[in-house]
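Structure first, then comments.
The values are calculated or read from the model by the stated rules, or taken from the named source; none is laboratory data. Computed from a prediction, not measured in an experiment: that's the story for all the values here. Every residue, glycine among them, receives a Cβ derived from its backbone with ideal geometry; neighbour counts consider all protein chains shown. Please note that ligands, DNA and RNA were not included when accessible areas were found on the heavy atoms of the full protein model with its side chains. Shrake-Rupley method; radii C 1.70, N 1.55, O 1.52, S 1.80 Å.
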Amino acid sequence: MDKKRVFSGIQASGSLHLGNYLGAVSNWVKMQEEYDNYFCVVDLHTITVYQEPKQLRAAVREVAGLLFAAGIREERSVVYVQSHVRAHSELAWILNCITPMGWLHRMTQFKEKSDQHKEEVSVGLFDYPVLQAADILLYDTHLVPVGEDQKQHVELCRDIAQRFNFRYGDVFTLPEAFIPPVGGRVMGLTNPEKKMSKSEEKLDDAIFLLDPPDRIRSKIKKATTDSLKEIRFDESRPGINNLLTIYQLLTGKEKESVENYFADKSYKDLKEELAEVVIESLKPLQERYKELTGEKGYLDSMLERGAERAESYAERKLQKIYRKIGLR
Ligand code: ATP
Ligand code: LTN
């Protein structure tokens, strides 16, 4: 029987952080054996907000390199860059023509991002979720593993697919979001009321996957906690709750055993132990990243193969869509 298909995307708007890793990428790695996978560096989404060209080029390679370093394997997964496969933009246009503006006005991420970039909000930023729907629908995707912030976009994608199928016949598979029960929303270190984010100005808020050990120690040391003492999971205490959640995810322990372990310890102990756990967890990834990018041309050739494989699927699907609409 054919395996179910997984698709997910990641932006090249900066370095990857622990939130991206725990909320998304680590699950992609775990899931890849069971499914047929497509993982895409979504550079066309990234340019919905201005990026300096040189930096963008470097960031795309860094993100792709980190996916492989984290354990995504070419044998199991197609990894490629969105702009290398033209079908994404072409399908996005078609979906634009069946998506009501009102649906996009409801997207909370657009509201947040357009507040952050008040000086210039592009049409592309508004249209961002439609391009995302095109990504997903091109590959007849069943499951979309993402962090909690993307749930609304995947639901919109389903709505667009349903509308298309209703008008033109059964063309699209209806996808479902897969959001991890723990880790779907890792919070910022200095501001644990907000999710950890690449584009956050405050650099100490996020632990980046390529941060050296000393940076990790100093960021965790500065993390916001509270004036209480007890170390336990409690959503009303976002700072401590977040540090414990990161610890739990990286050690693979149960909540209860994490709480027992820290029962007689101080916040200082928690921070020191967490820093060492983070450093050790990222070490193999950082070493693989160095190896992989040290060999000239290695990463580029993997991405080239990825684009070819993605294109052969996407192009066939797109031709079918064109015929359904009456464009062929
Ligand atoms: P930023 O937070 O800087 O805007 P983003 O959300 O645009 O970044 P992407 O790189 O596009 O980040 O996201 C890649 C994946 O990481 C998505 O599945 C997203 O849901 C997930 N993700 C992002 N931030 C977090 C977080 N703090 N906790 C859990 N998952 C996250
Ligand atoms: N909007 C997503 C990135 C993204 C994506 C996708 C995720 C673009 N296309 C398709 C899943 C499926 C984000 O994380 N900000």
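Less than 5 angstrom separates the built amide H of Ala177 from those of Val144, all sequence-distant by 5 or more or on a different chain.
Sequentially through the range 251-259, phi angles give Karplus couplings (6.51, -1.76, 1.60; θ = phi - 60°) of 8, x, 7, 6, 3, 4, 6, 5, 5 Hz, Gly and Pro residues having no value and appearing as x. Heavy-atom accessible surface of Lys268, to the nearest 10 Å², is about 140 Å², with a 1.4 Å probe and all protein chains retained. Beta bridges from DSSP with both residues in the chain: antiparallel share about 10 percent, rounded to the nearest 5. Rounded to whole numbers, the Karplus 3J(HN,Hα) couplings from phi for the range 314-327 are 5, 5, 4, 5, 5, 4, 5, 5, 4, 5, 4, 7, x, 8 Hz, using 6.51 cos²θ - 1.76 cosθ + 1.60 with θ = phi - 60°, and x at Gly and Pro.
Sorting 94-102, 131-139, 190-198 by their mean Cβ neighbour count within 10 Å, with the most densely packed peptide first, gives 131-139, 190-198, 94-102.
Amide H to amide H distances under 5 Å link Met187 with Met196, where only residues 5 or more positions off or on other chains count and H is placed in the peptide plane. Expressed as a whole percent, the accessible area of the chain that falls on carbon and sulfur atoms is 50 (1.4 Å probe). In the context of the full set of protein chains, residues of the chain present 50 Å² of accessible surface per residue (probe radius 1.4 Å, heavy atoms only).
In this structure, the amide hydrogen of Leu16, modeled 1.01 Å from its nitrogen in the peptide plane, lies closer than 5 angstrom to those of Leu209, counting only residues at least 5 positions away or on a different chain.
The slack between His105 and Glu119, meaning 0.36 nm per residue of separation minus the straight C-alpha distance, is 3.2 nm. Helical runs (DSSP H, four residues minimum) scored at -39500 (n - 2.57) apiece and divided by the length of the chain put the mean residue ellipticity at 222 nm at -17000 deg cm²/dmol. The Cβ shell under 12 Å around Leu138 holds other residues with a net charge of 0, Lys and Arg each +1, Asp and Glu each -1.
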